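Engineer: Let me give you the structure first, and then I'll get to my questions.
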Amino acid sequence: MQTRPVIRYRGVHKAFDLPVLEGIDLDIHSGEMFGLFGASGAGKSVLLKTTIGLIVPDRGDVEVDGKSVFFGDGRDLRRIRDKVGYVFQHAALFDSLNVFENVETGLPVRRLRAMDGMRIARLVWQALERVLLDPREVMTKLPAELSGGMKKRVGIARAIVGGPDILLWDEPTTGLDPVNTAGVQRQIRRLSRELDVTSVIVTHDIEGGLEMCNRVAMLEGGRLRFLGSPAAFRASSDPIVRAFVDRAAAEAAVDLVATT
Amino acid sequence: MLPTPNGLSRTGWRALVPQQVTQGENGRHEEHWATRWAWFGTCAVRGFPAVTGRSETPSRAERWLAQVARAGRTVLQHSGEIAILLRDIVAALVGLRVSPRSILRQMYVMGVQSIPIVVLTAVLAGIVTSQQGGYQFTGAIPLYVLGSIVTESVVLEMGPVLTAIVLVGRVGARITAELGTMKVSEQIDAFYSVGRDPVSILAAPRVVAGIIVVPVLVAIANLVGILAGMVSAQLTVGLGPNSFLYGARLYWQSWDLFYSLTKALVFGFTIPVVAIHMGLRTEGGAEGVGKTTTQAVMFMTLAVLIMDALFPPLLLD
Ligand SMILES: Nc1ncnc2c1ncn2[C@@H]1O[C@H](COP(=O)(O)OP(=O)(O)OP(=O)(O)O)[C@@H](O)[C@H]1O
Ligand SMILES: [Mg+2]
């Protein structure tokens, strides 16, 4: 399964007022389901955003399918954005557009021009059904009329409607009830399997992440503290990693942090 | 080496002004202008002791330097970002990536919906000028001169400037708050992520609409202001419409209208540009939106007043 790298982070540095990323080197392979863990504020969202050039690193570069995100030309970047679907942490739906129009924006402009209304409607319909929303019910609603979990799922529908090769999930299941969490996880798995989609999943649901992913990493102090298989993650003796794996270790880590 | 971002202008500009002292490949500080610049930036943000590692309080010279660095950085950032925004707007227009429908929609929101408040302001402006003039020269000067005073004040100053100030509040603040909210809720990022360009979708229609709509609003304000002044002159000092218009025509030059509408055009361009710029650089949740909206209103008001003051020396010569 592990073939050529489709995403390569190379020496990614980013500082806001304080350093956030201090040299991230990471290859994500085609068809992989990659889990990214880390404490709040560790820079997971920042790293994910550099993948499609939403945040420009101070140093370093990201390559997607061999094309540079930051040193290539505008056309390369547009192509990269067309084939990458991004699920935002807080959904980020367009306020002034209804659910249908929101999902429709997920279709690349050039493909949209070549499609008739029926085909667009069918794709949007399918995407909504895939995230367990009833299209008939939500299609014409504005984001303000949806619950948090529904917004999140519309955000996922927008990311998958264009049939992306790569999906970046920023906490896809945070704030969802158990049934919907299971539904979204199944969706992530199915997309990865059936469509050969490469997924990078940022999540605080460590158990879910370890179960789903074939490789995981942990971001800490601006670097990758851990990189390896879920089994190795579970077996790691690193106290910080342990704190993420079991509750008792987390309690111990709280004391450790408090005393240092 | 600094990244040369493509189509990522806003964040890209900031990447040119790193806030960290960058470490060279060999671990030493690179002797690059950007490194030194960044050092000043870091000092500005965190103070000298944090950077130099000295614990004593910074000297007055150091504090002053840090202040200058901070101010310089802010000015550079704003001007650079506005320049890039303008470049991107022009590129969007030239590339025909701006939908006429959204321009029309913005013209409706910014123009048609502003007519009542603009008319009300113009009526009051006309009345006030007329009363003021009538009060000041009953006596030696023939009364019909009041017609010219009112007309010229309304067309040259009151019409464009008061309309612009009203639009700062009604249109400018709205744009900043709207785009600022989109920025902090990641909707701007979301546009980029689905391969859409927020500058063509959000910024360009607002600027084009401003350029078209504000001169029309100012023309309406001029007309209404003169009429209100005329009615007021009749009621307060008994100057009839015929004498009023006689006075108005006596000193009228067609250049005056051109001057008035040029002002309107400049304001109609500046207000949305500043508003959009401030909206897009919003950070930090609802509080951030409040902050940039207030700042934007201040900048827009100042810009209108300063440009108004610059107009006579630039255009009347
Ligand atoms: N646009 C920005 N401007 C300034 N600072 C930022 C910006 N984006 C992120 N940061 C800072 O970078 C750090 C990492 O943020 P990030 O959102 O990546 O964390 P995270 O790992 O995703 O956390 P969480 O699990 O809570 O989502 C934080 O300290 C944050 O304040
Ligand atoms: Mg995050």
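Engineer: Between chains A and B, what is the buried accessible area in Å², counting both sides, with a 1.4 Å probe and ligands, DNA and RNA left out, to the nearest 100? Kindly include the intermediate steps, with their values, before the conclusion.
Structural biologist: Values: alone 12740 and 16920 Å², together 26940 Å².
Roughly 2700 Å² of accessible surface disappears when A and B pair.
Engineer: Which net charge results for the neighbourhood of B:Ala264, defined as the other residues with beta-carbon distances under 14 angstrom from its beta-carbon, given Lys and Arg at +1 and Asp and Glu at -1? Each step should come with its number before you reach the end.
Structural biologist: Values: positive: B:Lys263; negative: B:Glu157, B:Asp256, B:Asp308.
Spelling it out: positives minus negatives among the neighbours equals -2.
Engineer: Over the protein assembly as shown, with the other protein chains present, what is the accessible area per residue in square angstrom, probe 1.4 angstrom? Display every interim value, and only then the final one.
Structural biologist: Details: 26940 Å² over 577 residues.
Counting only protein heavy atoms, the per-residue value for the protein assembly as shown is 47 Å².
Engineer: Could you compute how fast segment B:162-224 diffuses translationally, taking Rh as the Kirkwood radius over C-alpha pairs and applying Stokes-Einstein at 25 °C with viscosity 0.890 mPa s? Give it in µm² per second. The partial results should precede the final answer.
Structural biologist: Details: Rh = 13.2 Å.
D = 186 µm²/s.
Engineer: For segment B:218-317, what number results from the quotient of the Cα radius of gyration and 2.2 N^0.38 Å?
Structural biologist: Numbers: Rg = 19.3 Å, N = 100, 2.2 N^0.38 = 12.7 Å.
Taking N as the residue count of segment B:218-317, the ratio is 1.52.
Engineer: To continue, here is another question. With the radius of gyration and the Kirkwood radius both derived from the Cα set of segment A:6-70, what is their ratio Rg to Rh? Could you put the intermediate results ahead of the total?
Structural biologist: Numbers: Rg = 11.4 Å, Rh = 12.0 Å.
Using Cα coordinates only, the ratio equals 0.95.
Engineer: A further question on this structure: Just list whichever of A:Lys151/B:Lys183; A:Lys49/B:Lys183; A:Lys152/B:Lys183; A:Lys67/A:Lys151; A:Lys151/B:Lys291; A:Lys49/B:Lys291 have alpha carbons separated by over 22 Å in the model shown.
Structural biologist: Numbers: A:Lys151/B:Lys183 17 Å; A:Lys49/B:Lys183 14 Å; A:Lys152/B:Lys183 18 Å; A:Lys67/A:Lys151 32 Å; A:Lys151/B:Lys291 27 Å; A:Lys49/B:Lys291 25 Å.
The pairs that break the limit, which is 22 Å between Cα atoms, are A:Lys67/A:Lys151; A:Lys151/B:Lys291; A:Lys49/B:Lys291.
Engineer: Starting from the exponent 0.38 and prefactor 2.2 Å, build the expected Rg for the protein assembly as shown from its residue count and divide its actual Cα Rg by it.
Structural biologist: Details: Rg = 29.3 Å, N = 577, 2.2 N^0.38 = 24.6 Å.
That ratio works out to 1.19.
Engineer: To continue, here is another question. Please determine, in degrees from 0 to 90 and to the nearest 10, the orientation of helix A:117-130 with respect to the longest principal axis defined by the Cα atoms of chain A, where the helix direction is its Cα long axis.
Structural biologist: That works out to roughly 40 degrees.
Engineer: Computed on alpha carbon atoms, what radius of gyration and Dmax characterise segment A:110-251, expressed in Å?
Structural biologist: So, for segment A:110-251, Rg and Dmax equal 17.8, 57 Å respectively.
Engineer: Could you tell me what a quarter of the Cα convex hull surface of segment A:74-185 works out to, in nm² with one decimal place? Spell out each step's value before the answer.
Structural biologist: Values: hull surface 27.9 nm².
If I average the Cα hull's projected area over directions, I get 7.0 nm².
Engineer: Now for a separate question. What average number of partner chain Cβ atoms lie no more than 10 Å from the Cβ of the residues making up B:143-151?
Structural biologist: Numbers: counts 0, 0, 0, 0, 0, 0, 0, 0, 0.
Mean shielding by partner chains, rounded to a whole number: 0.
Engineer: Now a separate question. Report, as an integer, the average count of C-beta atoms from other chains found within 10 Å of each Cβ along A:50-59.
Structural biologist: On the way: counts 0, 1, 4, 9, 8, 5, 14, 4, 9, 9.
If you average over the peptide's residues, the count of other-chain Cβ atoms is 6.
Engineer: While we're here: Which percent of the accessible heavy-atom area of segment B:187-317 goes to carbon and sulfur, probe 1.4 angstrom? All intermediate terms of the calculation are to be shown ahead of the outcome.
Structural biologist: Working: 4040 of 5640 Å².
Reported share for carbon and sulfur atoms: 72 percent.
Engineer: Of the options B:Leu261, B:Ile306, B:Val274, report the single residue whose Cα projects farthest towards the positive end of the charge dipole of segment B:253-317 (beta-carbon charges: Lys, Arg +1; Asp, Glu -1).
Structural biologist: About the Cα centre, the residue reaching furthest to the positive side is B:Val274.
Engineer: Any number yet on Rg/Rh for chain A, C-alpha, Kirkwood? Provide the component values of the computation, followed by the final result.
Structural biologist: Working: Rg = 18.7 Å, Rh = 19.1 Å.
Looking at chain A, the ratio lands at 0.98.
Engineer: For chain A, set up a GNM with springs between Cα atoms under 10 Å and report which of A:Leu191, A:Leu18, A:Leu36 has the largest fluctuation.
Structural biologist: A:Leu18
Engineer: Counting helices only, and only those DSSP H runs with n ≥ 4, report the 222 nm mean residue ellipticity of the protein assembly as shown as the sum of -39,500 (n - 2.57) divided by its residues, in deg cm²/dmol to the nearest 500. Before the final figure, lay out each step's value.
Structural biologist: Details: 26 runs with 343 residues, N = 577.
Taking each H run of at least 4 residues, the total per residue is -19000 deg cm²/dmol.
Engineer: Follow-up. Per residue of A:8-17, what is the mean number of Cβ atoms on other protein chains within 10 angstrom of that residue's Cβ?
Structural biologist: Numbers: counts 0, 0, 0, 1, 0, 4, 3, 7, 4, 5.
Mean number of neighbouring Cβ atoms from other chains: 2.
Engineer: Could you work out the relative contact order of chain A, using alpha carbon pairs under 8 angstrom and six or more residues apart, expressed as a whole percent?
Structural biologist: Numbers: 470 pairs, mean separation 62.1, N = 260.
The normalised contact order for chain A reaches 24 percent.
Engineer: About the Cα centre of the protein assembly as shown, how large is the charge dipole given +1 on each Lys and Arg Cβ and -1 on each Asp and Glu Cβ? Please answer in debye to the nearest 20.
Structural biologist: Working: 58 positive and 52 negative charges, 146 e Å.
Roughly 700 debye, rounded to the nearest 20.
Engineer: May I pose another question? Around A:Val154, what is the net charge, scoring Lys/Arg as +1 and Asp/Glu as -1 over all other residues with Cβ under 13 Å from its Cβ? Write out the running numbers ahead of the final one.
Structural biologist: On the way: positive: A:Arg130, A:Lys141, A:Lys151, A:Lys152, A:Arg153, A:Arg158; negative: A:Asp95, A:Glu101, A:Glu104, A:Glu129, A:Asp134, A:Glu137, A:Glu145.
With Lys, Arg at +1 and Asp, Glu at -1, the net is -1.
Engineer: Another one. For the Cα atoms of chain A, what angle does the longest principal axis make with the long axis of helix A:178-194, in degrees from 0 to 90, nearest 10?
Structural biologist: With rounding to tens, the tilt is 80 degrees.
Engineer: Same structure, new question: Give the Rg (one decimal place) followed by the Dmax (whole number) of segment B:81-196, computed from C-alpha coordinates and expressed in Å.
Structural biologist: Answer for segment B:81-196, Rg first and Dmax second: 21.3, 71 Å.
Engineer: Okay, moving on. Pairs of alpha-carbon atoms within less than 8 angstrom and 6+ residues apart define the contacts here; what relative contact order does segment A:110-187 have, in percent?
Structural biologist: 32
Engineer: What's the FRET efficiency of A:Ala114 with B:Leu65 using the Cβ-Cβ distance as r and R₀ = 51 Å, to the nearest 0.05? It would help to have the intermediate numbers written out before the result.
Structural biologist: Numbers: r = 58 Å, r/R0 = 1.14.
Between A:Ala114 and B:Leu65 the formula returns 0.30.
Engineer: Turning to a different aspect of this structure: Angle check, please: helix A:247-259 long axis (alpha carbons) against the longest principal axis of chain A (alpha carbons), in degrees 0 to 90, nearest 10.
Structural biologist: So the helix axis and the longest Cα principal axis differ by about 60 degrees.
The values are calculated or read from the model by the stated rules, or taken from the named source; none is laboratory data. Source: prediction; values computed, not measured. Here Cβ is always computed from backbone atoms with ideal geometry, including for glycine, and neighbour counts include all displayed protein chains. Surface areas here come from the heavy atoms of the whole protein model, side chains and all, with no ligands, DNA or RNA. Shrake-Rupley method; radii C 1.70, N 1.55, O 1.52, S 1.80 Å.
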